[in-house]
Amino acid sequence: MSTGFKKGISLYILGVYWGARMDNIISMPTGLILEKMMQRNKIDLKKYFSRYNISGLELTMAFKNRLYKYKPNKVDLDWIKGLDYVSVHAPFKLVSSSENKSEQIKQLDALDLLYNKVNAKTLVVHVHECPDEDLLDNYNFNIALENMPIKEKLNNSEMTNKIAKSKYGFCLDTAHADDFGKTEISKLYEKLGHKLRQMHLSASIKNKHHKPLTVATKSFLRSLKPVFKSKVPLIMEMAMPSFSKARVNKEIKYIKKQFVV
């Protein structure tokens, strides 16, 4: 079976999956939690994240060293594979931190191994760090390109058009979008909503990202209204681990109310 045929089948199944769902999956990113666990050489994602009322997880491979070193243990692996939704976030500088294409391939190979091991449904890649198609075509990823914040100093129109013209899906980061004005979320959803695979959901307060929606300004919450009808998985991005279990579950309850999960 050819790679292209397998990829077509995977995209078809993914489309049927989203079309059949009538609610949103609430997910969380592992973020720095995984880094801290790896430093202590005691990784227990199930124990940490199962206390929250979530049904998905995003494995945040923010840096290539984390990607190379992370090996899920059997308990975590069984738990992760049993979740409704799993995504993997590629290294933030997948291309720019690689010395050459060989190193990009090394990272993609490691991502491919993890992606398949945890039965991931989406690989999130920063839009400006997406490898060339000739490399990606060797893998069976369902890729979602993520919009970037203003600090990356990218041309916003070019960034949006690149996602629109690509053959890949879209991961909307609501806090990143807010950097470009209160109508940017609506603009991105209108232009790229048909490609939307998942959402990084959080507030931006005084240009500080990944804040809880429960403390967001009224103007920010109004800017989110267009996406409340979306049925894609919601990755709840909060600055973990600074929040208690009660605080996190309060945020989840609020999100469910807004999206009518």
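The residues in segment 31-49 that are surrounded by 13 or more Cβ atoms within 10 Å (Cβ to Cβ), outside any helix (DSSP H, G or I) and either hydrophobic (A, V, I, L, M, F, W, C) or at pLDDT below 95 (or both) can be counted, and the count is 1. Close contacts from segment 46-66, counting a first residue that is without any contact (Cβ under 8 Å) to a residue 60 or more places away in the chain and within 14 Å of D84 (Cα to Cα) and a second that is among the aliphatic types (A, V, I, L, M) and part of a loop (DSSP other than H, G, I, E, B), with Cβ to Cβ under 9 Å and a gap of 6+ residues or different chains, come to S55/I25; S55/L83; L57/L83; L57/V118. Within segment 93-116, can one find any residue that is β-branched (V, I, T) and touching a Lys or Arg at 6+ places or on another chain (Cβ under 8 Å)? Taking every residue of segment 93-116 in turn, none turns out to be β-branched (V, I, T) and touching a Lys or Arg at 6+ places or on another chain (Cβ under 8 Å).
Return the residues of segment 81-121 that are of a type in the set (A, V, I, L, M, F, W, C), part of a helix (DSSP H, G or I) and out of contact with any helix residue (DSSP H, G or I) (no Cβ under 7 Å at 6 or more places or on another chain); say none if nothing qualifies. Selection gives L113, L114.
Exactly one residue out of F170, F259, F220 is modelled with pLDDT under 95 and not small (G, A, S): that is F259. Within segment 130-153, the set of residues being of a type in the set (D, E, K, R) and either more than 23 Å from E99 (Cβ to Cβ) or out of contact with any strand residue (DSSP E or B) (no Cβ under 9 Å at 6 or more places or on another chain) (or both) comprises D132, E133, D134, D137, E146, K151, K153.
Only one of the numbered conditions (1) part of a loop (DSSP other than H, G, I, E, B); (2) modelled with pLDDT of 95 or more; (3) of a type in the set (F, W, Y) is violated by Y52, and that is (2). Which of the residues that make up segment 159-182 are in a helix (DSSP H, G or I) and buried (at least 22 other Cβ atoms within 10 Å of the Cβ)? Correct list: I163, T174, A175, H176, A177, D178. Within segment 171-192, the set of residues being among the small types (G, A, S), without any contact (Cβ under 8 Å) to a residue 60 or more places away in the chain and under 23 Å from V88 (Cβ atoms) comprises just one member, A177. For segment 130-156, filtered to residues that are of a type in the set (D, E) and touching a helix residue (DSSP H, G or I) at 6+ places or on another chain (Cβ under 9 Å), the residue that is surrounded by the fewest Cβ atoms within 10 Å (Cβ to Cβ) is D132. Consider segment 67-77 and keep the residues that are surrounded by fewer than 15 Cβ atoms within 10 Å (Cβ to Cβ) and in contact (Cβ under 8 Å) with a residue 24 or more places away in the chain. The one that is nearest to V124 (Cα to Cα) is Y68.
Whether a residue is touching a residue at least 12 places away in the same chain (Cβ under 8 Å), among the small types (G, A, S) and over 19 Å from K187 (Cβ atoms) was assessed, and A120 passes this test. Put simply, of K208, K245 the only residue that is out of contact with any Cys (no Cβ under 8 Å at 6 or more places or on another chain) and either over 23 Å from M159 (Cα atoms) or in contact (Cβ under 8 Å) with a residue 12 or more places away in the chain (or both) is K245.
Of everything listed in (1) in a loop (DSSP other than H, G, I, E, B); (2) more than 20 Å from the chain's Cα centre (by Cα); (3) not basic (K, R), the single unmet condition for F220 is (1).
The values are calculated or read from the model by the stated rules, or taken from the named source; none is laboratory data. This one's a predicted model, so the numbers in the text were calculated from it and none came from an experiment. FYI the Cβ positions are ideal-geometry reconstructions off the backbone, even for glycines, and counts take in every protein chain you see.
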